[in-house]
2 protein chains.
Amino acid sequence: MELSENVFFILAILVSLLSFGVAAFFYHWVKSRHSSNKRIEEIGNHIKKGSNTFLAREYGVLGRFAGVVALLILVFLPQPIWMGSPNENVLMAVSYILGTALSALAGKVGIQVATIANVKAAEAATKGIKPSFLVGFRGGSVMGMAVVGSSLLGVTLVYMITKDSSAVLGFSFGASSLALFAKAGGGIFTKTADISADLVGKVELGIPEDDPRNPAVIADNVGDNVGDVAGMGADLFDSNVASMSAALVMGMALDRTGNAMQNTKMIFCYAALGLLASAIGVLSARMGKKGDPTKALNSSTYITTAIFAALTAGATWLFDFEWRIWGATAIGLGVGLIIGIASDYFTNDNKNPVRHVAKASKSGPAFTILSGISYGFLSVLPSMIGIGVSALLAYNICAPIGAGYAMFGIAMAAMGMLSIVGMIISNDAYGPIVDNARGLAEMGNLGDEVLKITDELDSAGNTVKAVTKGFAIGAAGLTIIALLGAFMSEVNLAAIEKGLAQITGFDIMNPLVFFGLLIGAAIPAVFSAMLMLGVDRNAQRMVAEIHRQFKEIIGLKEGKEGVVPEYDKCIDIATTGALKELIPAGVMSIVITLLVGFIGGVQAIGGFLTGNIVSGLLLALFMSNSGGLWDNAKKYIEAGNDGGKGSDAHKAAVVGDTVGDPFKDTAGPSINTQVTVVSLVASIMATLFLSFHLFG
Amino acid sequence: MELSENVFFILAILVSLLSFGVAAFFYHWVKSRHSSNKRIEEIGNHIKKGSNTFLAREYGVLGRFAGVVALLILVFLPQPIWMGSPNENVLMAVSYILGTALSALAGKVGIQVATIANVKAAEAATKGIKPSFLVGFRGGSVMGMAVVGSSLLGVTLVYMITKDSSAVLGFSFGASSLALFAKAGGGIFTKTADISADLVGKVELGIPEDDPRNPAVIADNVGDNVGDVAGMGADLFDSNVASMSAALVMGMALDRTGNAMQNTKMIFCYAALGLLASAIGVLSARMGKKGDPTKALNSSTYITTAIFAALTAGATWLFDFEWRIWGATAIGLGVGLIIGIASDYFTNDNKNPVRHVAKASKSGPAFTILSGISYGFLSVLPSMIGIGVSALLAYNICAPIGAGYAMFGIAMAAMGMLSIVGMIISNDAYGPIVDNARGLAEMGNLGDEVLKITDELDSAGNTVKAVTKGFAIGAAGLTIIALLGAFMSEVNLAAIEKGLAQITGFDIMNPLVFFGLLIGAAIPAVFSAMLMLGVDRNAQRMVAEIHRQFKEIIGLKEGKEGVVPEYDKCIDIATTGALKELIPAGVMSIVITLLVGFIGGVQAIGGFLTGNIVSGLLLALFMSNSGGLWDNAKKYIEAGNDGGKGSDAHKAAVVGDTVGDPFKDTAGPSINTQVTVVSLVASIMATLFLSFHLFG
């Protein structure tokens, strides 16, 4: 059955609206949960206020940045306004602004619901683990549904109206550039607060986590929201948009050969079905009789995967889509699962690596670090093989369809991996909500039983995070390989216009490519270093402030009735520091991309993107996994193993966890976004790089 | 003036013999220095015995390994013996054995002189810094001259007799495979002993470095010899041979076009002049009036560089060599200096990074680690840009000469960087000799004045190491880019023989290339992880043994007269452990290369080598520089800054140093060798990969 393209636009829009409906339903459901504890509400409000203040200030900075970029786009892209057609420039600039706005909105919605759900989840925990789980999960799902719905709606509208690849890439670039800074800013904020609170609280004073005497404790909770909720939301909004955009740019080029737009139809159809599958997945999530929250989260992920595979197979049959492309999508989905399981092996405290690191900690922190770094390095192998094999298979499956389809297959594999992104975000946002709930339960004195429940919920969040993070990194890997294809497609489009020879690829033996390769490979390392040094600087400032408060505020250390620390000062330090540090790293990577492009032209950029992808994947996997591993090794010891809390092994493990924090929550996950942004910059600048360059 | 090729062979052989003469002269000079202190002689003998025992056992293991590989080569390479001509197989196997033997000999000679020079340098220090410096430096120069002389002689003989690229590559592979395991084994030994001695001695018990009560102290000194002297000697023997081989393989192919063998003549001429320049440099090294050993070491490096540039310019003019190729060589030399200076910036305690890390240590070990890793990441950028730019320039300068010359230019740039390798080795081997001398002075109670002198000599060794390491890594980077060219050259040779189409390069958009790229990039990480886990496991065993001795040997801790620890037990643990751990990591990288080759053929291998080079450079630079930085941050604090010895900052810095030790002395420097080995395996297997593969 062949239907017009419009039918699929309508399908995509309807499913988006449906997901908004689900989000609204969950939002009201969460909001209407019972809450009565004044103390918790009060602290909850503090957290909400802190989060919103940071977000407002961050968006203020980013708004100005986006304004400048939009202006540059208007004048120079896709071609200088005096050379091309001004219309295109306006479309691209507007798409860019729309991308940044929707990405920002995704973060805002997440914060909005997360700062309500944390209070409700804490209260619900007094009634048992099941209701509390449901509040946390549905709170996370609001974000999941809203983010994926708006990304699908945005891409659909931009494509429907413009039918122009530059506009689609502009939209995606808007989403990415906002995500880059939001992720970096949130990541610096959250780890500044987390590290400082832990170091002074746990290590120096020996007071428990989330103790209200600790001046950084509210900042820590705010950090969970602005980093893990808002930052992560913007990040996955971006990944989802980027994977659709890469597929669209190539699909459009292929559709020009006149196959009734089957490729673009397929993209919108699959994306809509992925969101539908996720919606069904989140609606059906419940804790089983045995009451294991990890199982509940993982099983809804698997259900979503199965539903997506079935729905797309049905659609492929019904609409006469190409089965080979469905195969590529399915490969992406399958390999995503494998990568997730591999990440889980290296970070799960039932497995060898975590236990080995915990044991090594008995010989001191140097061994915690050495063994953790070693396992982090080892952990990259299965994922790199997984991504490499899935790219190879997707390519080979789709190559027989015709010229250009092989690369398109890789883009569809990336879409397959990201198809269940709605579910991934729901799981991911669940984490900080129950983490906050735990903090509120502690500060609100809800008692040990409730703390035990929130602890269990929190630990489930950490465990599933490994699987979903594996998915996210794998998908980003494939997406950026696909973006390399999109870049080539854009270069050739420009080459045709200018009457230049088309390029067929990027030869490693070409020294311009190799030159780009080496520099591109260095960027993720430099980028991570800049973010981590930012956290390092900021945390030292905050530690000094906490020391000051404990020294100057009489009765604080002893926990005297009525003595409260100056929470706001810590929030302010984290905010100011994060705002100062979030811009340079991102700008550095964009500027170096421009330099390489204007020095070595498109060949150097081909190498540059490749080096960036390869080393970006390597470092992102290494940092995420070793960070997760250290976190869980510490928890494993805290559970009474290898000496338990307060032992030397525990102190060493805390050092590991502190190093791991910015690894896994600041630098590691930002690298994906950095690589995506750079790839998109390359694509939208393709015409300029082709026209102006020093060598080659 | 055009001379026959034989003239240049004779030149190379004569200069090799001259360098042996210089080595012999220095050896006897060092040996005839005065020594009288019985206690020092006794300990010196202990160190010598331990080093020789380890070397004998290590070479036993490696001999068997090399035997097996030689047999495999005999049967299968360059082509299965039943397919090609058996003669070639015999030549290649014999060349391989010669390569391993000379590489092993280089290590043996180094140990021989280093274990004499340490005693003499300690005694000479009682007479002042100048004589002690000269003993240390000339001891190191014996190794420098012997290693470079034998590598030049070996390559010259193999080429002269066989005129066959397979035999040259076989010789190089022999040198590399021995270096790989010698470096890994020595690196694991030395860091096991170093870490354990420091942790228990300095951190737990608070006894000084090199205190004779510490059971691991002799093992630590043995480690300096087997790791830093023998391992490093084998490593640089290998780099030098590999860079000449890569140039030769390409030069021979170009010479077939009939230009009177100008390329191969030039290679031998430049290599001989490089050794000559180094010989002049080491002969002229003296400490100036101001008595600054760092200046003495650096200035002889600069002198050597200048002499080499002048001599090769003269030769180019005299023998009508191509000036453009001379230009490429000069670029290599110049960029080597720049990379060295950049490494120096990140590891010198007069510069910002070291001071920042020292200051961060005041907030605890987590900050030492985080800031050190961050600066390590930052430090890769200048070197990667340097290598990229020099490759680009060398390529563009030589491209106009004719097809194929561009890549040859890169090989010559690598040779340029390595031309002063004789000087580099002399500087490098100086380090462990004066380090040992310091230990002997402490154990022999030579007094504080002597300790101050040996400390100053030791610290100079650490500082120049940064510059020479930068050179070595940069040269390795260019060499392996050139080896990629050699690989393509070998593939095309085989393709011509088999009547297959020649390849023109490796296109990144080919999924086989990308597949190889991703897996190749993971290998250095996995390889480093395996070595570091080896150190980690081994050090834990040794720490347990030291604890046992302090517990069971009565009077040891208190330093009771006549009570000696059981030094041999610690040496034995380090030896046994190192022998067990040194094989798997190397074999893993070779096996995965074979797998990728037989799965994806030569295209996948092209990607694999590229990924390996890029991530290998990234990790080697990161690990070497952050390791050096931590070491110097610790020394900076020990010099009385940021709280000084015994402060919390110092304890944190010791953790950093302990993490950095296997970074900079085990994993980091082994990565170069790993990448070289893999590149050579690819080249010698080229014909087989072309004939048998699953995909493509």
Checking residue A:412 against (1) facing chain B (nearest Cβ under 8 Å); (2) out of contact with any Phe, Trp or Tyr (no Cβ under 7 Å at 6 or more places or on another chain); (3) farther than 18 Å from residue A:625 by Cα; (4) not aromatic (Phe, Trp, Tyr), the condition it does not meet: (1)
Can you find, within the stretch A:398-409, the residue that is nearest to the chain's Cα centre (by Cα) among those that are surrounded by fewer than 24 Cβ atoms within 10 Å (Cβ to Cβ) and at the interface with chain B (Cβ under 10 Å from one of its Cβ atoms)? A:406
Taking residue A:535, is it under 17 Å from residue A:201 (Cα atoms) and of a type in the set (A, V, I, L, M)? no
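Determine if the stretch A:648-671 includes at least one residue that is of a type in the set (Asp, Glu), outside any helix (DSSP H, G or I) and either over 27 Å from residue A:187 (Cα atoms) or more than 13 Å from every other protein chain (Cβ to nearest Cβ) (or both). Walk me through it before giving the result.
Start the filter on the stretch A:648-671 by keeping residues that are of a type in the set (Asp, Glu), which leaves A:648, A:657, A:661, A:665.
Those still in the list that are outside any helix (DSSP H, G or I) too: none.
Looking for residues that are of a type in the set (Asp, Glu), outside any helix (DSSP H, G or I) and either over 27 Å from residue A:187 (Cα atoms) or more than 13 Å from every other protein chain (Cβ to nearest Cβ) (or both), one finds none in the stretch A:648-671, hence no.
Could you list all residues from the stretch B:597-647 that are hydroxyl-bearing (Ser, Thr, Tyr) and part of a helix (DSSP H, G or I)?
Within the stretch B:597-647, the subset hydroxyl-bearing (Ser, Thr, Tyr) is B:610, B:615, B:624, B:626, B:636, B:647.
Passing the criteria: B:610, B:615, B:624, B:626, B:636.
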Just one of the numbered conditions (1) within 14 Å of another protein chain (Cβ to nearest Cβ); (2) modelled with pLDDT of 85 or more is not true of residue B:339; which one? (2)
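Can you find a residue that is out of contact with any Gly (no Cβ under 8 Å at 6 or more places or on another chain) and under 18 Å from residue B:163 (Cα atoms) anywhere in the stretch B:71-78? Full working, then the answer.
Within the stretch B:71-78, the first condition is being out of contact with any Gly (no Cβ under 8 Å at 6 or more places or on another chain), and the residues that meet it are B:71-72, B:74-76.
So of that shortlist, the ones also under 18 Å from residue B:163 (Cα atoms) come out as none.
No; the residues of the stretch B:71-78 include none that is out of contact with any Gly (no Cβ under 8 Å at 6 or more places or on another chain) and under 18 Å from residue B:163 (Cα atoms).
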Pairs under 8 Å by beta carbon, first residue among the acidic types (Asp, Glu) in the stretch B:431-459, partner not in a helix (DSSP H, G or I), six or more apart or different chains? B:442/B:208; B:442/B:209; B:442/B:210; B:442/B:211; B:442/B:212
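I'd like to check something: does the stretch A:256-263 contain any residue that is touching a residue at least 12 places away in the same chain (Cβ under 8 Å), out of contact with any Pro (no Cβ under 7 Å at 6 or more places or on another chain) and over 15 Å from residue A:3 (Cα atoms)?
Start the filter on the stretch A:256-263 by keeping residues that are touching a residue at least 12 places away in the same chain (Cβ under 8 Å), which leaves A:257, A:260-263.
Subset that is out of contact with any Pro (no Cβ under 7 Å at 6 or more places or on another chain): A:257, A:260-263.
Next, only the ones that are over 15 Å from residue A:3 (Cα atoms) stay: A:257.
Yes, the stretch A:256-263 contains at least one residue that is touching a residue at least 12 places away in the same chain (Cβ under 8 Å), out of contact with any Pro (no Cβ under 7 Å at 6 or more places or on another chain) and over 15 Å from residue A:3 (Cα atoms).
When the residues of the stretch B:478-509 are narrowed to those that are part of a helix (DSSP H, G or I) and of a type in the set (D, E, K, R), which ends up surrounded by the most Cβ atoms within 10 Å (Cβ to Cβ)? Spell out the reasoning first.
Applying the first criterion (part of a helix (DSSP H, G or I)) to the stretch B:478-509 yields B:478-498.
Restricting the remaining residues to those that are of a type in the set (D, E, K, R) gives B:490, B:497-498.
Details: B:490: 26, B:497: 12, B:498: 11.
Per the stated criteria, the residue is B:490.
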Filter the stretch A:587-624 down to the residues that are small (Gly, Ala, Ser) and within 11 Å of chain B (Cβ to nearest Cβ), then identify the one that is farthest from residue A:391 (Cα to Cα). A:600
Test: residue in the stretch A:195-217 that is within 17 Å of the chain's Cα centre (by Cα), touching a residue at least 60 places away in the same chain (Cβ under 8 Å) and surrounded by 24 or more Cβ atoms within 10 Å (Cβ to Cβ): no
Among the numbered criteria (1) within 16 Å of the chain's Cα centre (by Cα); (2) more than 12 Å from chain B (Cβ to nearest Cβ), which single criterion is violated by residue A:627? (2)
If I filter the stretch A:178-194 for residues that are of a type in the set (Val, Ile, Thr), farther than 19 Å from residue A:566 by Cα and surrounded by fewer than 24 Cβ atoms within 10 Å (Cβ to Cβ), do I get at least one hit? no
Could you run through the stretch A:639-654 and say how many residues are out of contact with any Phe, Trp or Tyr (no Cβ under 9 Å at 6 or more places or on another chain) and closer than 13 Å to residue A:371 by Cβ? 1
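Go through the stretch B:531-557 residue by residue and tally those that are more than 8 Å from chain A (Cβ to nearest Cβ) and part of a helix (DSSP H, G or I). I'd like the intermediate steps shown before the answer.
From the stretch B:531-557, those more than 8 Å from chain A (Cβ to nearest Cβ) are B:531, B:534, B:537-538, B:541-542, B:544-557; that's our starting set.
If we keep only those that are part of a helix (DSSP H, G or I) too, we end up with B:531, B:534, B:537-538, B:541-542, B:544-552.
Residues flagged as more than 8 Å from chain A (Cβ to nearest Cβ) and part of a helix (DSSP H, G or I) within the stretch B:531-557 amount to 15.
Given the residues A:345, A:395, which is the only one that is hydroxyl-bearing (Ser, Thr, Tyr) and under 23 Å from residue B:619 (Cβ atoms)?
On the way: A:395 fails: under 23 Å from residue B:619 (Cβ atoms).
Within the list A:345, A:395, the selection yields A:345.
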Counted residues, the stretch A:499-551 - those being under 20 Å from residue A:595 (Cα atoms), among the polar types (S, T, N, Q) and touching a Pro at 6+ places or on another chain (Cβ under 7 Å): 0
Go through the stretch A:343-377 and count every residue that is surrounded by fewer than 24 Cβ atoms within 10 Å (Cβ to Cβ), outside any loop (DSSP other than H, G, I, E, B) and more than 12 Å from every other protein chain (Cβ to nearest Cβ). 3
Filtering the stretch A:76-94 down to residues that are at pLDDT 90 or above and surrounded by fewer than 18 Cβ atoms within 10 Å (Cβ to Cβ) yields A:90
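Conditions tested, residue by residue: (1) under 30 Å from residue B:507 (Cα atoms); (2) free of Cβ contacts under 8 Å to residues at least 12 places away in the same chain; (3) buried (at least 24 other Cβ atoms within 10 Å of the Cβ).
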position	(1), (2), (3)
A:598	yes, no, no
A:618	yes, no, yes
A:633	no, no, yes
A:664	no, no, yes
A:678	yes, no, yes
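So is residue A:520 assigned to a helix (DSSP H, G or I) and either crowded, with 24+ Cβ neighbours inside 10 Å or modelled with pLDDT of 85 or more (or both) or not?
Values: assigned to a helix (DSSP H, G or I): yes; either crowded, with 24+ Cβ neighbours inside 10 Å or modelled with pLDDT of 85 or more (or both): yes.
For residue A:520, the condition - assigned to a helix (DSSP H, G or I) and either crowded, with 24+ Cβ neighbours inside 10 Å or modelled with pLDDT of 85 or more (or both) - is met.
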Of the numbered conditions (1) within 24 Å of residue B:583 (Cα to Cα); (2) crowded, with 24+ Cβ neighbours inside 10 Å, residue B:684 fails exactly one; give the number of that condition. (2)
Please go through (1) within 14 Å of chain A (Cβ to nearest Cβ); (2) under 27 Å from the mean Cα position of the chain (by Cα) for residue B:333 and return the number of the only condition it doesn't satisfy. (1)
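Within the stretch A:415-427, is there a residue that is part of a loop (DSSP other than H, G, I, E, B), in contact (Cβ under 8 Å) with a residue 24 or more places away in the chain and not small (Gly, Ala, Ser)? Before the answer, list the steps.
Looking only at the stretch A:415-427, we keep the residues that are part of a loop (DSSP other than H, G, I, E, B), and these are A:419-420.
Still in the running and in contact (Cβ under 8 Å) with a residue 24 or more places away in the chain: A:419-420.
From what is left, the residues that are not small (Gly, Ala, Ser) are A:420.
Yes.
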Scanning the stretch A:378-397 for residues that are of a type in the set (A, V, I, L, M, F, W, C) and more than 19 Å from residue A:628 (Cα to Cα), the one farthest from the other protein chains (Cβ to nearest Cβ) turns out to be A:397
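Here's the yes/no breakdown for (1) at pLDDT 90 or above; (2) within 26 Å of residue A:183 (Cβ to Cβ); (3) in contact with a helix residue (DSSP H, G or I) (Cβ under 7 Å, 6 or more places away or on another chain):
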| position | (1), (2), (3) |
| --- | --- |
| A:217 | no, yes, yes |
| A:221 | no, yes, yes |
| A:276 | yes, no, yes |
| A:301 | no, yes, yes |
| A:310 | yes, no, no |
| A:315 | yes, no, yes |
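Rundown of residues vs (1) farther than 23 Å from residue A:342 by Cβ; (2) within 14 Å of another protein chain (Cβ to nearest Cβ); (3) in contact with an Asp or Glu (Cβ under 6 Å, 6 or more places away or on another chain); (4) not β-branched (Val, Ile, Thr), yes/no style:
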{"residue": "A:437", "(1), (2), (3), (4)": "yes, no, no, yes"}
{"residue": "A:445", "(1), (2), (3), (4)": "yes, no, no, yes"}
{"residue": "A:462", "(1), (2), (3), (4)": "no, no, no, yes"}
{"residue": "A:476", "(1), (2), (3), (4)": "no, yes, no, yes"}
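The values are calculated or read from the model by the stated rules, or taken from the named source; none is laboratory data. Only a predicted model underlies this, so the values are computations on that prediction, with no experimental measurement involved. Quick reminder, even Gly has a Cβ in these numbers, built from the backbone with ideal geometry, and neighbours come from all protein chains shown.
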